[in-house]
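The values are calculated or read from the model by the stated rules, or taken from the named source; none is laboratory data. The shown structure was predicted, so the numbers you read here are calculated from the model rather than taken from an experiment. Quick reminder, even Gly has a Cβ in these numbers, built from the backbone with ideal geometry, and neighbours come from all protein chains shown.
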Amino acid sequence: MSVTDELLAIYARRGAEAYFGEAVTMLEHGLQAAYFARAAHAPDALVVAALLHDIGHLIEPVPDRIADWHSDAGHERSGARWLAGRFGPEVSEPVRLHVPAKRYLCATDPAYLHELSEASAITLKLQGGPMSVTEVAAFEAEPCWRDAIVLRRCDDQGKLGGFKAPDFESYRPLLERLARTARPARAVLFDLDGTLIDTEIHTDAAISAVAAQHGVGDFSLPHTETRGRTWTHVAETIRAQTAVAAPAAELAAAMLAHWKAAVAQVHEIPGAAQAIHAAAASGLHIGVVSSSPRSVIDYFVDKLGIGSCVGPQARIGGDAVRVSKPDPEGFLLAARALGVEPTDAVIFEDSRAGLLAARAAGMRSVFITCCAAELPGNAALATATCTDYRSLPPGFWRGLAAGTMDLAGKSFT
């Protein structure tokens with residue numbers, strides 16, 4: 001999938017949503033901002049930044065109504081991370097700074113504050129209000145601060161109801177020209193269940209067994225509610241869909257115990273351990289990020305014989321995060337523990353929740369399909385796909401580390 005096709009898929013899903021109280025949709029807002037950037041004779045990279053400056057709102061869930069916001073969404077940071085994985089800093093940096101640019105203008109241009117739309121005025125309070133003198137100086141020290149000001153002005157202009165700007169497809173040549181292709185990776189982060197070990201069938205069995213113990217026979221959940229999810233999430237879903245009254249913590253513990261007993265002799269995904277050793281030998285840092293508890297990660301790291309490749313600090317379980325996948329917190333914690341930027345990490349995942357988390361973290365992803373469900377839909381979320389680790393080509397890990405392995409749109413079978 002090309003960068004443009006990836007973006008079109010995102011906007012197809014959420015671009016028609018209203019733009020937080022303004023007279024335009026999310027897509028219309030981006031198209032109008034890009035139009036005004038071109039009208040201002042902005043460089044091509046800044047036109048793309050204007051087009052995509054609110055991508056962070058589209059890759060992470062936020063309340064539809066501004067009145068329901070209780071804290072800043074931080075969309076400029078998540079959006080910049082995502083863009084930095086696909087474009088150079090001349091695109092991602094103005095996006096990262098476009099919210100600070102609003103705060104800067106409010107502090108330095110007396111008229112600007114009164115020009116803000118009602119929605120922008122509300123979010124300004126959540127974003128910290130006008131900058132202090134110290135913050136103004138720090139902002140002006142940013143290499144791309146002037147571009148961010150231009151982007152901010154285009155952002156403010158792009159809220160015209162009924163104004164039809166050129167469509168998204170018209171930007172394809174520009175997007176493809178500016179998009180990065182291959183680039184070096186410094187770390188590889190692996191999911192556990194269904195990615196390193198073949199356990200998903202045991203997950204379904206544990207859910208059915210515990211539901212049956214509480215009087216609900218033949219119970220199952222769709223894979224979107226189980227793959228890449230914590231046992232607590234599964235337990236809360238069972239409670240919501242049935243008359244089971246047992247506490248979620250009790251249900252989660254029972255399912256985990258049932259699952260642990262069943263997977264004692266579980267097999268690895270073909271080639272998984274060998275792949276991790278090869279990746280580490282190529283100089284890549286390795287992490288394991290799972291919705292399972294840390295104790296389960298430790299057990300299978302030892303069982304697979306990869307303990308020398310995966311340091312204790314890079315084993316992030318569901319009990320280490322506040323919000324589990326599809327939130328990117330686990331992946332971001334692992335990247336921080338390994339000392340790498342999110343855009344320098346590649347994720348191996350088998351679940352929709354995990355692939356969405358990788359996107360939100362701004363990381364490239366490889367979808368492992370041998371144990372996965374909903375293949376076409378999930379493949380569209382990933383940078384690349386592969387059947388299992390045996391299907392990766394010779395020199396894959398060395399190429400990933402060297403920046404000669406272009407993952408975009410690849411299918412390794």
Among the residues of segment 190-209, is any under 13 Å from residue 255 (Cβ atoms), outside the structural domain of residue 273 (by TED's automatic domain parsing) and touching a His at 6+ places or on another chain (Cβ under 6 Å)? yes
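Would you pick out the residues in segment 354-381 that are part of a helix (DSSP H, G or I) and under 17 Å from residue 334 (Cα atoms)?
If we filter segment 354-381 for residues that are part of a helix (DSSP H, G or I), which is where we start, we get 354-361, 375-379.
354, 355, 356, 357, 358, 359, 360, 361, listed by residue number.
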Among residues of segment 381-398 being farther than 10 Å from residue 412 by Cβ and either assigned by TED's automatic domain parsing to the domain that holds residue 229 or under 19 Å from the mean Cα position of the chain (by Cα) (or both), the residue surrounded by the fewest Cβ atoms within 10 Å (Cβ to Cβ) is 381
Checking residue 278 against (1) out of contact with any Asp or Glu (no Cβ under 9 Å at 6 or more places or on another chain); (2) aliphatic (A, V, I, L, M); (3) in the same structural domain as residue 192 (by TED's automatic domain parsing); (4) surrounded by 20 or more Cβ atoms within 10 Å (Cβ to Cβ): exactly one of these is not met. Which one? (4)
Report, by residue number, each residue of segment 1-36 that is charged (D, E, K, R) and either modelled with pLDDT of 90 or more or part of a helix (DSSP H, G or I) (or both). 5, 6, 13, 14, 28
With 127, 157 as the choices, which residue is among the polar types (S, T, N, Q), touching a helix residue (DSSP H, G or I) at 6+ places or on another chain (Cβ under 8 Å) and farther than 24 Å from residue 42 by Cα? 127
Looking only at residues that are buried (at least 21 other Cβ atoms within 10 Å of the Cβ) and aliphatic (A, V, I, L, M) in segment 366-380, which one is farthest from residue 280 (Cα to Cα)? 372
Tell me, which residue of segment 143-185 that is loosely packed, with under 14 Cβ neighbours inside 10 Å and of a type in the set (Asp, Glu) is nearest to residue 32 (Cα to Cα)? 167
I'm checking my understanding of the structure. Among residues of segment 284-328 that are touching a residue at least 24 places away in the same chain (Cβ under 8 Å) and acidic (Asp, Glu), which one is surrounded by the fewest Cβ atoms within 10 Å (Cβ to Cβ)? 319
Filtered residues of segment 88-142 (kept if without any contact (Cβ under 8 Å) to a residue 60 or more places away in the chain, hydroxyl-bearing (Ser, Thr, Tyr) and surrounded by fewer than 16 Cβ atoms within 10 Å (Cβ to Cβ)): 108, 132, 134
Conditions (1) under 23 Å from residue 197 (Cα atoms); (2) part of a helix (DSSP H, G or I); (3) more than 16 Å from the chain's Cα centre (by Cα); (4) not β-branched (Val, Ile, Thr) -> residue 401 fails only (1)
When residues of segment 122-152 are filtered for being closer than 16 Å to residue 108 by Cβ and either touching a Phe, Trp or Tyr at 6+ places or on another chain (Cβ under 9 Å) or aromatic (Phe, Trp, Tyr) (or both), how many remain? 10
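Can you report the number of residues in segment 218-250 which are touching a Ser or Thr at 6+ places or on another chain (Cβ under 9 Å) and either assigned by TED's automatic domain parsing to the domain that holds residue 356 or among the polar types (S, T, N, Q) (or both)?
Of the residues in that region, 6 qualify.
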